[in-house]
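Structure record follows, encoded as structure tokens.
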Amino acid sequence: AQSVTQLDSQVPVFEEAPVELRCNYSSSVSVYLFWYVQYPNQGLQLLLKYLSGSTLVKGINGFEAEFNKSQTSFHLRKPSVHISDTAEYFCAVSVGFQKLVFGTGTRLLVSP
Amino acid sequence: SQTIHQWPATLVQPVGSPLSLECTVEGTSNPNLYWYRQAAGRGLQLLFYSVGIGQISSEVPQNLSASRPQDRQFILSSKKLLLSDSGFYLCAWSLKTMNTEAFFGQGTRLTVV
């Protein structure tokens, strides 16, 4: 069965510093990968997705992620974070068309 | 454009009381529908998903049930709430294609006291 691991439950970073949020997945078949962001007491918003093609995917708000099949990873990066990026970030994998499986989330804390 | 409505936004219920959370989708037909629960520090847990009217799949055994009486309506229910049912409940929908993402409602914060 497919699963997603987000090893970092919390990542503190200073404003304007780069950040990487890690995501590893396990699946024996081709997967589709997603990153979502959740602001406090709100639903989830899609940041970016990998379906096929280029392994470097660009999303909204300056985020990007790189699909690495050999390492079964889909890490999220941003070269310079803002205070407004403080939120919880979820990696998810989809196999087939019925459901998404989410990781446990990483809380990004950006301080001045 | 498609929109998803979920209500209420917050709910405080006593232990043993019933529950009904409703979710409706507009602007699309025959979507897949999902209920997720988010407990503190535990990420999103898929509770139920539905691929059509009256078709409900349960992911985990629990005190909750789901129903889909209409194509774009998804209801989460309980006959008797437990303290452990507290959490943030999210409804979502997706298209029936291989590479689709899910679109989420704003969530319901349920506190069982």
When you look at A:E20, is it part of a strand (DSSP E or B), among the charged types (D, E, K, R) and open to solvent by 50 Å² or more (accessible area, probe 1.4 Å), yes or no?
yes
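Yes or no, residue by residue, for (1) in a strand (DSSP E or B); (2) farther than 19 Å from A:S30 by Cβ:
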| position | (1), (2) |
| --- | --- |
| A:L48 | yes, no |
| A:Q71 | no, no |
| A:A92 | yes, no |
| A:R107 | yes, yes |
Within the range B:58-113, which strands (runs of 3 or more DSSP E) (wholly inside it) include 1 or more residues that are small (G, A, S) and either surrounded by 15 or more Cβ atoms within 10 Å (Cβ to Cβ) or at pLDDT 95 or above (or both)?
B:65-70, B:73-78, B:87-94
Unmet criterion (only one of (1) in a helix (DSSP H, G or I); (2) on the phi > 0 side of the Ramachandran plot) for A:S84:
(2)
Anything in the range B:47-57 that is away from chain A (no Cβ under 14 Å) and open to solvent by 70 Å² or more (accessible area, probe 1.4 Å)? List them, or say none.
B:I53
Candidates A:N24, A:N61, A:N68 - the one that is within 11 Å of the chain's Cα centre (by Cα) and modelled with pLDDT of 90 or more:
A:N24
At least 1 residues that are of a type outside the set (F, W, Y) and touching a Cys at 6+ places or on another chain (Cβ under 8 Å) in each: list the strands (runs of 3 or more DSSP E) lying fully within the range B:1-50 that qualify.
B:3-7, B:19-26, B:32-38
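The values are calculated or read from the model by the stated rules, or taken from the named source; none is laboratory data. Keep in mind the model is a prediction, meaning the values are calculated, not measured. Cβ coordinates were reconstructed from backbone atoms using ideal geometry, including for glycine residues, and neighbour counts include every protein chain displayed. Calculation scope for accessible area: heavy atoms of the full protein, side chains included, ligands and nucleic acids excluded. Shrake-Rupley method; radii C 1.70, N 1.55, O 1.52, S 1.80 Å.
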